[in-house]
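Each remark here refers to the structure printed beneath this line.
The values are calculated or read from the model by the stated rules, or taken from the named source; none is laboratory data. Fair warning: this is a prediction, and the values are worked out from it, not measured in the lab. Don't worry about glycine lacking a Cβ; one is built from the backbone with ideal geometry, like all the others, and counts go over all protein chains shown.
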Amino acid sequence: MKPYVICHMNTSIDGRTWGSRWRPAENHMAGLFERIHEQLGNGSWLIGRVTGSEYAKADAYPANPGEVFPREPWFVRRDAAAYGIALDAHGKIAWGRSDIGGDPIVAVLTEQVSDAHLAGLRRDGVSYIFAGERELDLALALEILNCELGIERLLLEGGGKSNGSFLRAGLIDEISLAVCPAVDGARGGPYAFDSREDETNARAPLRSMTLESCEVLEGGAVWLRYRLQNG
């Protein structure tokens, strides 16, 4: 069984997510993302490697592990009200911390991650699970999070490539999108849903999208919620 997955994002009207590039600059609406996150009920949330790296406080873990670890889930806590979950297939993030905003970190890894990286995670007090041998199996990751930590509802909060991977895997149940009255208008910025170059022709298995609610917020932003049905 997997959690109910809500993809929550703030974008410009052209679907971009780097608020620092938006114009008018004042329409970035600082704090809006966090406020809607709270309205959605807080709870556990998931980010990709690039976003996760922004929270890292260490440069790297020592190369010599001194120990070999089994490729099985390892948890510091199983009783948290919410977890901050980060996809890190190849073990690139040296956290230097055990939580984000009080939510314990859980790294989602592949089995090829080195013992040195696992040793670093353990020293930092970062929990981890394995979801695939060389590539992440997102459906398996969700099942493990539900089974091991009892997560029944999960906020998927980007970046674009992670969101796109969940979308194309048919794993998103709802999209929560706050559209701000601003535009990016230039090349190179990330979108709410994106893909790698080799996934250009991959399409999401969506059968329907139903508008559940539409709310006009202060400053002209619009909060849309869509229920998805995957094929």
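Candidates are the residues of the stretch 70-89 that are surrounded by fewer than 17 Cβ atoms within 10 Å (Cβ to Cβ) and free of Cβ contacts under 8 Å to residues at least 40 places away in the same chain; the one that is nearest to Leu155 (Cα to Cα) is Ala81. The set of residues from the stretch 195-214 being among the charged types (D, E, K, R) and part of a loop (DSSP other than H, G, I, E, B) comprises Arg196, Arg203. When Ile144 is tested against the conditions (1) at pLDDT 95 or above; (2) assigned by TED's automatic domain parsing to the domain that holds Leu224, the lone failure is (2). If you go through the stretch 150-164 and keep only what is out of contact with any Pro (no Cβ under 9 Å at 6 or more places or on another chain) and crowded, with 21+ Cβ neighbours inside 10 Å, you end up with Leu155, Leu156, Glu157, Ser162, Asn163, Gly164.
Of all residues in the stretch 1-37, exactly one satisfies the criterion of being within 16 Å of the chain's Cα centre (by Cα) and free of Cβ contacts under 8 Å to residues at least 12 places away in the same chain, namely Glu34. Restricted to strands (runs of 3 or more DSSP E) entirely inside the stretch 1-100, no element has at least 3 residues that are assigned by TED's automatic domain parsing to the domain that holds Leu156, over 30 Å from Tyr226 (Cβ atoms) and touching a helix residue (DSSP H, G or I) at 6+ places or on another chain (Cβ under 6 Å). Restricting the first member to the stretch 195-216 and to residues that are modelled with pLDDT of 95 or more, and the second to residues that are of a type in the set (Val, Ile, Thr) and part of a strand (DSSP E or B), the beta-carbon pairs closer than 9 Å and six or more apart or on different chains are Met209/Ile175; Cys214/Val222; Glu215/Val222; Val216/Val222.
Filtered by the rule that a residue be within 22 Å of Ile151 (Cα to Cα), in contact with a Lys or Arg (Cβ under 9 Å, 6 or more places away or on another chain) and surrounded by 20 or more Cβ atoms within 10 Å (Cβ to Cβ), the stretch 98-136 gives Pro104, Ile105, Leu109, Val126, Ser127, Tyr128, Phe130.
Any chance the stretch 59-67 includes a residue that's over 30 Å from Ser213 (Cβ atoms) and surrounded by 14 or more Cβ atoms within 10 Å (Cβ to Cβ)? Within the stretch 59-67, one or more residues are over 30 Å from Ser213 (Cβ atoms) and surrounded by 14 or more Cβ atoms within 10 Å (Cβ to Cβ).
Does Ile105 count as closer than 19 Å to Val50 by Cβ, in contact (Cβ under 8 Å) with a residue 12 or more places away in the chain and not in a loop (DSSP other than H, G, I, E, B)? Taking the combined requirement at face value, the residue satisfies it.
Checked against the criterion of being of a type in the set (Asp, Glu) and either assigned to a loop (DSSP other than H, G, I, E, B) or buried (at least 22 other Cβ atoms within 10 Å of the Cβ) (or both), the stretch 215-231 has no qualifying residue.
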